[in-house]
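Peer 1: Below: one structure in structure tokens.
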Amino acid sequence: MEYIIRNAEKEDMAQVLALVQELADFEKESDAVIISKEDLENDGFGEHKLFHCFVAEVEKEIVGIALVYPRYSTWKGPAIHLEDLIVSERMRGSGLGTALLDEVIKYGHDLGVRRIQWEVLDWNEPAIEFYEKKGAKVLRDWDVVQMDELGIKNYINSLN
């Protein structure tokens, strides 16, 4: 199988969104995706670029993505966050995940970051094994903390 790993283009965002939805379905969070193709186009290719995305393409079809954005660690300094590394279910085991991760690691290295960070669901053993084989440490003693849009609104309202 021949594939290309390249930087995403604005025109790719419909296919990127479809892969994001496929991941949400896999993670049993089908209704959680509220972002639109236009959001991705504006946020990734607008005046203030919020993320960088790599795509894996097979016969002009995007079958995988890796989306990263800058972070800053008060302990380590410059870092990037790998928000999602997605390979379409039918392409898993083809080497595309490794190829996408390779691009992310090279990208981070070229930027001079001191850490690349991401999350993985504790029940996704194939992904955990994949990352550990690549040399990543899965920190099982940390919990992910998030505040969603409603939580933010309620918090702000509680300040008044």
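The values are calculated or read from the model by the stated rules, or taken from the named source; none is laboratory data. Everything numeric here is computed off the predicted structure, so don't read it as measured data. Methodologically, a virtual Cβ is constructed for each residue, glycine included, from the backbone with ideal geometry; neighbour enumeration extends over all protein chains shown.
Peer 1: Any residue at all in the stretch 60-71 that's within 13 Å of the chain's Cα centre (by Cα) and among the aromatic types (F, W, Y)?
Peer 2: Taking every residue of the stretch 60-71 in turn, at least one turns out to be within 13 Å of the chain's Cα centre (by Cα) and among the aromatic types (F, W, Y).
Peer 1: If you don't mind, there's one more thing I want to ask. G93: at pLDDT below 95 and either of a type in the set (F, W, Y) or more than 21 Å from E11 (Cα to Cα) (or both), yes or no?
Peer 2: Here the answer is yes, as G93 does meet what is asked.
Peer 1: Let me ask something else about it. Scan the stretch 50-70 for residues that are hydrophobic (A, V, I, L, M, F, W, C), buried (at least 18 other Cβ atoms within 10 Å of the Cβ) and without any contact (Cβ under 8 Å) to a residue 60 or more places away in the chain and jot them down.
Peer 2: Selection gives C53, F54, V55, A56, I62, I65, A66, L67, V68.
Peer 1: Same structure again: Can you tell me which of S73, S30 is surrounded by fewer than 18 Cβ atoms within 10 Å (Cβ to Cβ), without any contact (Cβ under 8 Å) to a residue 12 or more places away in the chain and of a type in the set (S, T, N, Q)?
Peer 2: None of the others qualify; the one that does is S30.
Peer 1: Give the residues of the stretch 119-138 that are within 18 Å of I105 (Cβ to Cβ) and in a loop (DSSP other than H, G, I, E, B), sorted by residue number.
Peer 2: Answer for the stretch 119-138, where residues must be within 18 Å of I105 (Cβ to Cβ) and in a loop (DSSP other than H, G, I, E, B): E119, V120, K134, G135, A136, K137, V138.
Peer 1: Consider Y107 carefully, then state whether it is touching a residue at least 12 places away in the same chain (Cβ under 8 Å), buried (at least 17 other Cβ atoms within 10 Å of the Cβ) and among the aromatic types (F, W, Y).
Peer 2: yes
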